[in-house]
Amino acid sequence: TLVLDSSTFESNTATQRGGGIMAHGGGSIVVVASQSSSLILRNVAYLYGGGVYLQDQGTRLDVSGSGTQMVVSGNTAEQAGGGVFAFTASSITVSSGARMDVINNTAADLHGGGVYLQDQDTRLVVSDSGTQMVVSGNTAEQRGGGVCAFSASSITVSSGARMDVINN
């Protein structure tokens, strides 16, 4: 488990996956409430997941709790998932009053400038009162400037939570 508490991952490069952070094989990234946001900024992956890359069942990104904020901004993936790339039954959960901003990311050649989801049981869940996810200013060469969900992946926004996908 990687715990982010006012953490910054900035200007990193991966020749394949996860320019900022990569988790797979059931690993987890947990963002906790702190004095300032956890930042994933200006990272590059030459394949997938410029900012964050998640792979495999049980692998998860959790942004949870009032006052918890994660910003994924200015990242680039040459293929898909400029901001966040999740597949093979991995999950992204924003809950309990947290906020996640996925802004100004790029998928240079394919899909999902902000968020890319692929495969059955891969999911994005935004839940609970006061929780917000903003996906804005992202670009993709082909599909899903803001969010791209393929192959039976799912997005769930529960009552009381808010997901704004704007200006992508």
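The values are calculated or read from the model by the stated rules, or taken from the named source; none is laboratory data. The model shown is predicted, which means the values in this text are computed figures rather than measured ones. Here Cβ is always computed from backbone atoms with ideal geometry, including for glycine, and neighbour counts include all displayed protein chains. With ligands, DNA and RNA removed, areas are computed over all heavy atoms of the protein, side chains included. Shrake-Rupley method; radii C 1.70, N 1.55, O 1.52, S 1.80 Å.
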Being modelled with pLDDT of 95 or more and more than 13 Å from A86 (Cβ to Cβ) narrows L4, L54 down to just L4
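Counting only residues that are open to solvent by less than 30 Å² (accessible area, probe 1.4 Å) and more than 12 Å from the chain's Cα centre (by Cα), which one in the range 43-60 is nearest to N105 (Cα to Cα)?
Looking at the filtered set, the residue picked out is N43.
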Which one of the conditions (1) under 11 Å from V165 (Cα atoms); (2) within 13 Å of the chain's Cα centre (by Cα) does C148 fail to meet, given that it meets all the rest?
(1)
So the check is Cβ under 6 Å with 6+ separation or different chains; which pairs have a first residue in the range 138-153 that's closer than 19 Å to T93 by Cβ and a second one that's open to solvent by less than 60 Å² (accessible area, probe 1.4 Å) and of a type in the set (A, V, I, L, M)?
G146/V135; V147/V115; V147/V135; A149/L117; S153/L117
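If a residue has to be part of a strand (DSSP E or B), of a type outside the set (A, V, I, L, M) and under 22 Å from D62 (Cα atoms) to count, how many in the range 128-168 make the cut?
8
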Residue count, the range 79-133, condition crowded, with 24+ Cβ neighbours inside 10 Å, small (G, A, S) and closer than 23 Å to A45 by Cα, comes to 10
Note on the range 1-42: residues closer than 21 Å to D56 by Cα, open to solvent by less than 30 Å² (accessible area, probe 1.4 Å) and in a loop (DSSP other than H, G, I, E, B) are G18, G19, G20, G27
Qualifying position, being among the polar types (S, T, N, Q) and farther than 28 Å from Q35 by Cα, among T93, T131, T106:
T106
Are there any pairs with C-beta distances below 6 angstrom linking a residue in the range 77-89 that is of a type in the set (A, V, I, L, M) and at pLDDT 95 or above to a residue that is in a loop (DSSP other than H, G, I, E, B) and open to solvent by 10 Å² or more (accessible area, probe 1.4 Å), with the two at least 6 apart or on different chains, and if so which?
A80/L110; A80/H111; A89/Q57; A89/D121
Quick one: how many residues across the range 76-115 are over 16 Å from C148 (Cα atoms) and outside any strand (DSSP E or B)?
3
